[in-house]
Amino acid sequence: MRGPGANRWFCWFQGSGWTSFFLFSIYLGFVVTAVALLCICSGRKESFLVRSGSVQVLSFVVPTQLQSVTQRELDRLFHTRSCLFVGLHIALQAAVYGEYTWEVFVYCWELQFHLLLLLLPYLLLAGNMGCFVLCSRADPGIITKSNHASLVKIYAYDGVLFQKGVVCPTCNMEKPARSKHCSFCNMCVHRFDHHCVWVNNCIGAFNAKYFFLYLCTLTAMAATIAAITAAFLTRVVLLTNMMQGSYIDDQGQEHAVEILFLIQHLFLTFPRIVFMLGFVILLTLILGTYCCFNLYLALTNQTSNEWCKSRRYGCSRHLTVQPHDRQVVYKNIYCKGVWMNLKEIFKPLTVLERKKKT
């Protein structure tokens, strides 16, 4: 980058500053929107944005006559079953894989990357789509009058999180232990975990294995694309010896190429690739954390619903509270060891199996 050519490139870089700022603003807005959607779609009636006071902030922007309509539409959107997030999920996958196929795959192929490595994201995509279809179409464990008698015998009541004799006012049936009424689907679900808007279905005893595999393959997809893209950009930097170069600023002083300067150069040279890389890295971090959390729940035989309820008492393993002046000791009675807990995810318990163990 040294010499007259470097000066011309630096002048072009300076002239493209507004373009870089505009692209970065779009990128930042997209990331913030994605994080906001994740917060909103947590499945709770009162989202993080509502608790943080964002509704009050938006009230200064949205006219008063439209606030009630907006709130009603948001409630309908985020608290009823909808295919909106399924469509968004597919659109995001199509955008990432379109960019990967159109540019990253072609460039990597020219740089003689191994073919199996480049095809790995497509193999993960096929497995992920299969798990997605199974998770969204499978019965999560809907409790009906015909199967209620058998499902109520599978799990014992722990006496703290799940009390015997509690009747669901909507379904008009006694709630089996570890079950919960889903307000999205308007039904009680056996071994209820949570309602996932991205698959538009509840996660319960009978599709928990599909959701776990779906989450693992989705995380692996994002991590693989991020790794291949990062390897491509690193190869470009090494082949062009950018780190050994220098540039001359507008005061005529020579500087060695720094990391920030290099990132800006790559962003202006490959804007869509760098944009995609930032998104899949963020996605990998979020999904990886959530995947580890779900693995922890599986190994300890807990559901998300049970974990959230147990937080109220300060511990999910063992705790002591005194409601109504009566000492109550809570312990996770469903934990049977790592291997048996993991086996229960992929092979849900039946009444016959429980009788054999007891």
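Just so you know, all these numbers are worked out from the coordinates, no wet-lab data involved. Model, not experiment: these values are computed from the prediction. Neighbour counts run over all protein chains shown; Cβ positions are idealised from the backbone, glycine included.
Tabulated results
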quantity: Spin-label proximity, Ala91 to the stretch 189-232 - amide N less than 15 Å from point 7 Å beyond Cα toward beta carbon; calculated: 198
quantity: Radius 14 Å from Cβ of Cys108, net charge of other residues (Lys, Arg +1; Asp, Glu -1); calculated: -2
quantity: Net charge contributed by nearby residues that have their C-beta within less than 13 Å of Ala298 (K/R +1, D/E -1); calculated: +2
quantity: Other-chain or far-sequence residues with amide H under 5 Å of Met187's (modelled H); calculated: Cys182
quantity: Gain in span if fully extended, Ala126 to Arg311, counting 0.36 nm per residue against the direct Cα distance; calculated: 62.9 nm
quantity: Cα-Cα over 20 Å, subset of Lys175/Lys343; Lys153/Lys180; Lys164/Lys336; calculated: Lys175/Lys343; Lys164/Lys336
